[in-house]
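One structure below.
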Amino acid sequence: MGNNLRLCLIAVEGTKTLIQFPLLGSSTNPAHWKAHLKQCDLLRLSQKQKRLCRREPGLAETLRDAVRLGVLECQYQFRNERWNCSLDGRANLLKRGFKETAFLYAVSSAALTHSLARACSAGRMERCTCDDSPDLENRKAWQWGVCGDNLKYSIRFLKNFLGQKKVGKDLRAKVDIHNTNVGIKAVKNGLKTTCKCHGVSGSCAVRTCWKQLSPFHETGKLLKLRYDGAVKVFSATNDAMGQSELVSPQHHGRLAKGPTTPRPTDLVYMEDSPSFCRSSRYSVGTAGRTTVLNRRQTNQTFPIVLRSNIILMHL
């Protein structure tokens with residue numbers, strides 16, 4: 001992996017109780033500010049990420065929300081698969097270029113994007129508020145309860161937080177950044193406009209509209225579909241541009257006549273996955289579990305256990 005991109009695991013101690021921050025103005029309260037700094041220090045972040053966290057009251061809480069959201073959704077989407085998104089062996093899995101690694105990058109960035117946007121609209125972060133919907137003042141939005149999810153701020157902040165840069169010819173770095181952006185695009189795909197009427201006796205004399213994100217389960221379902229149709233890639237030099245790019249021998253699941261560029265919404269991977277049937281350095285295997293072999297069988301539901309709060313991040 002290149003010098004401009006590295007893996008960072010945020011480990012949050014499940015026994016720690018997260019302090020709830022007030023909606024606004026926490027930075028003016030010394031006790032709240034001190035608690036916020038402590039929460040940032042509990043997260044395993046890079047130096048740059050820690051500086052950003054300390055400057056953004058409410059961010060530590062939002063990161064922990066993203067941790068839970070990403071882990072639980074991953075385990076839900078893979079509950080019937082050989083690899084069920086177990087936390088066991090994940091560190092080794094992240095060192096490889098499997099389809100599962102691609103999904104982890106995507107669902108983690110999606111969870112961060114979703115949680116940041118929701119935190120802004122809920123007033124849990126001081127440097128952002130409602131979305132920038134036209135003709136909708138923030139004060140009116142709060143009064144009418146129609147504060148939109150601020151996806152624009154979320155994406156801008158996230159890219160700065162993850163520190164995406166040019167990665168040259170590093171194939172793994174290109175793959176990781178591509179899959180990260182797939183996760184962000186999946187959240188953006190679920191952004192919809194919701195409207196609410198105001199008037200006497202239910203009339204629609206005044207209509208207020210705002211942006212709202214879809215439930216994260218829908219984002220997870222979309223990313224699972226991307227995983228099922230993931231594209232294997234390699235690096236090739238674009239003679240016209242004079243730089244390397246990701247290419248694939250496949251085109252929408254079929255062998256192409258020549259290398260093609262994967263779509264921005266495709267999850268991409270570099271190497272074939274192991275079977276995940278037996279215990280290995282990547283997972284505990286399927287011993288003791290019932291696995292769905294085909295779609296005709298009755299789906300089996302497995303309990304989701306959050307053993308520890310871990311999320312993949314990179315910069």
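Some notes on this structure:
- Flag for residue 35 being over 26 Å from residue 268 (Cα atoms), modelled with pLDDT of 80 or more and in contact with a helix residue (DSSP H, G or I) (Cβ under 7 Å, 6 or more places away or on another chain): no
- In summary, helices (runs of 4 or more DSSP H) completely within segment 28-127 and bearing 2 or more residues that are among the charged types (D, E, K, R) occur at 30-42, 47-55, 59-77, 99-122.
- Scan of segment 193-203 for residues that are modelled with pLDDT under 75 and either part of a loop (DSSP other than H, G, I, E, B) or surrounded by 10 or more Cβ atoms within 10 Å (Cβ to Cβ) (or both), ordered by number: 198, 199, 203
- Flag if residue 190 is more than 28 Å from residue 95 (Cα to Cα) and modelled with pLDDT under 90: no
- Residues located in segment 222-240, provided they are modelled with pLDDT of 90 or more, surrounded by fewer than 16 Cβ atoms within 10 Å (Cβ to Cβ) and among the charged types (D, E, K, R): 228, 232
The values are calculated or read from the model by the stated rules, or taken from the named source; none is laboratory data. Note that this is a predicted model, so its numbers are computed, not measured. Ideal geometry is used to build each Cβ from the backbone, glycine not excepted, and the neighbour counts take in all protein chains shown.
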